[in-house]
Amino acid sequence: MKPLDDIIATAKADPRHIVLAEGKDLRIVDGAIRATAVGIARITLLGNADRIRSTLIARKADPDEFSIEDPLVSPRMQSYAAAYFELRKHKGIDEAGAVRAVCDPLGFAAMMVREGDADGTIGGAVASTADTVRAALQIIGRAQDSRIVSSFFLMMLCEPHHAKNGAFVFADCGLVVEPDAEELADIAVSSASSFHALTGRAPKVAMLSFSTNGSAAHERVSKVVKAAELAKAADPSLLVDGELQFDAAFVEAVSAAKAPNSTIKGAADVLVFPNLEAANIGYKIAQRIGGAKAIGPIIQGLAKPANDLSRGCSADDVFHLIAVTCVQAQRIVRTQ
């Protein structure tokens with residue numbers, strides 16, 4: 001999987017500090033062990049210290065190669081609670097509520113990132129997406145140049161049976177349920193930027209619909225057309241086309257027949273779906289029937305990296321998402 005190997009190599013070139021909120025989970029521990037062994041990140045595991053140390057030893061790993069921190073007894077807890085109280089008191093949070101929030105591993109991990117004690121965080125192997133994303137939004141917050149926070153899956157097509165090989169972005173598969181044209185344009189621009197950051201390649205963005213170049217008339221089609229126009233206006237250098245059906249976006253011969261004037265000519269590598277329903281179904285079909293490897297959901301638009309795992313994730317998924325989070329953190333450091 002060369003594109004994935006390239007991401008791992010980029011992470012290894014400048015390892016970042018990643019905090020894993022669910023340190024008691026064996027998949028998290030195994031992913032952390034591999035990340036540390038390969039040298040792509042410095043890892044903090046949150047949870048009961050004795051239990052995590054015992055698990056690491058049982059896995060034949062040296063506990064001293066990791067930072068282990070229990071939010072309930074951490075010396076950082078009081079300062080984090082005070083900072084959280086100042087951050088959220090306008091929402092009615094009292095001091096006791098602030099303590100409860102930072103004693104939760106997701107909240108503690110997000111505070112580590114906000115306060116500069118870690119470069120990125122990952123949760124979701126145990127916690128729900130809603131809880132994982134809520135902690136990131138409330139504590140880390142949106143990037144200044146982002147209108148919305150959205151997500152994408154990095155889809156790796158690397159098997160011999162795949163018609164094309166390489167890395168592709170599917171967005172938004174995890175957060176924004178029914179984006180309007182402005183939000184869809186923001187998702188497209190953010191996804192293109194994320195693709196470039198992770199692969200080093202210039203993105204080709206397709207705004208997907210059930211219509212290609214006016215083959216159907218519907219308000220849902222009009223939304224996608226407007227979003228494509230807004231994305232082009234937001235970044236004139238961006239190669240983006242739409243509305244396109246998936247086959248016209250992905251297959252050169254179909255593009256030549258259906259959209260002969262397309263700027264991306266069936267070579268899209270960033271696929272922006274019209275809503276969450278379509279995107280979520282689409283990535284799962286690609287994963288479960290097509291055999292694509294799905295990494296994510298990867299969150300974009302935050303001030304600092306915080307990513308979500310599926311509760312059905314494997315240790316490999318954890319390792320790969322650590323690599324992606326490291327590359328995201330490297331990008332933020334470069335742009336500061």
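Compared with the dominant principal axis of the Cα atoms in the chain, helix 276-288 is inclined by about 80°. Taking the Cα centre of region 19-174 as origin and assigning +1 to Lys and Arg Cβ atoms and -1 to Asp and Glu Cβ atoms, the resulting dipole is close to 280 debye.
Hey, with R₀ at 45 Å, roughly what FRET efficiency would Lys12 and Thr263 work out to, going by the Cβ-Cβ distance, to 0.05? Each step should come with its number before you reach the end.
Details: r = 35 Å, r/R0 = 0.78.
The value I calculate is 0.80.
Remark: region 240-249, residue by residue, has Karplus-estimated 3J(HN,Hα) of 9, 9, x, 8, 9, 6, 4, 5, 6, 7 Hz, where x stands for each Gly or Pro and the curve is 6.51 cos²θ - 1.76 cosθ + 1.60 at θ = phi - 60°.
Return the ratio Rg/(2.2 N^0.38 Å) for region 241-336, where Rg is computed over Cα atoms only.
On the way: Rg = 16.3 Å, N = 96, 2.2 N^0.38 = 12.5 Å.
Dividing the Cα Rg of region 241-336 by 2.2 N^0.38 Å gives 1.31.
Build a GNM of the chain with springs between Cα atoms under 10 Å apart, and of Asp180, Asp14, Asp94 the one that fluctuates most is Asp94. For region 112-187, the spherically averaged projection of the C-alpha convex hull amounts to 7.4 nm².
Of Lys2/Lys258; Lys258/Lys284; Lys12/Lys293; Lys24/Lys60; Lys91/Lys284, which sit over 28 Å apart, Cα to Cα?
On the way: Lys2/Lys258 32 Å; Lys258/Lys284 26 Å; Lys12/Lys293 21 Å; Lys24/Lys60 16 Å; Lys91/Lys284 37 Å.
From the list (Lys2/Lys258; Lys258/Lys284; Lys12/Lys293; Lys24/Lys60; Lys91/Lys284), the Cα-Cα distance tops 28 Å for Lys2/Lys258; Lys91/Lys284.
Residues whose amide H lies under 5 Å from that of Arg142, counting only those 5 or more places away or on a different chain, are Ala303; hydrogens are built 1.01 Å from N in the peptide plane. Axis angle, to the nearest 10 degrees, between helix 2-13 and the longest C-alpha principal axis of the chain: 40 degrees.
In region 155-226, what chymotrypsin sites (Phe, Trp or Tyr not before Pro) fall in a loop by DSSP, with at most 16 other Cβ atoms inside 10 Å? Display every interim value, and only then the final one.
Values: sites: Phe168, Phe170, Phe195, Phe210; in loops: Phe210.
Those that pass, being in a loop and sparsely packed, are Phe210.
Helix 49-58 and the longest principal axis of the Cα set of the chain meet at an angle near 70°.
A Stokes-Einstein calculation at 25 °C with viscosity 0.890 mPa s, built on the Kirkwood radius of region 1-128 over Cα pairs, returns a diffusion coefficient of 159 µm²/s.
Restricting to DSSP H runs of at least four residues, report the calculated mean residue ellipticity at 222 nm for the chain, -39500 (n - 2.57) per run over all residues, nearest 500 deg cm²/dmol. Numbers along the way, then the final one.
Working: 13 runs with 154 residues, N = 336.
The helix contribution divided over the chain gives -14000 deg cm²/dmol.
Relative contact order of the chain, taken over Cα pairs closer than 8 Å and 6 or more residues apart, is 24 percent.
What does the accessible area per residue of region 1-55 come to in Å², with a 1.4 Å probe and no ligands, DNA or RNA counted?
Values: 2350 Å² over 55 residues.
Value for region 1-55: 43 Å² per residue.
Note on the chain: the alpha carbon radius of gyration divided by the globular reference 2.2 N^0.38 Å gives 1.02. For trypsin sites (Lys or Arg not before Pro), the sites in region 49-83 that DSSP calls loop and that have at most 10 other Cβ atoms within 10 Å are Lys60.
Once C-alpha pairs closer than 8 Å and six or more residues apart are averaged by separation and normalised to the residue number of region 19-107, the relative contact order reads 26 percent.
Rounded, prolate or oblate: which fits region 143-248 when a ≥ b ≥ c are the square roots of the eigenvalues of the alpha-carbon gyration tensor, with rounded for a/c under 1.5 and prolate only if a/b beats b/c? Oblate, since a/c reaches 1.5 and b/c is not below a/b.
The values are calculated or read from the model by the stated rules, or taken from the named source; none is laboratory data. Because the structure is predicted, anything quoted here is derived from the model rather than measured. Counting neighbours? That spans all protein chains shown, and the Cβs are built from the backbone with ideal geometry, glycine included. Areas reflect the complete protein model, heavy atoms only, side chains present, ligands, DNA and RNA absent. Shrake-Rupley method; radii C 1.70, N 1.55, O 1.52, S 1.80 Å.
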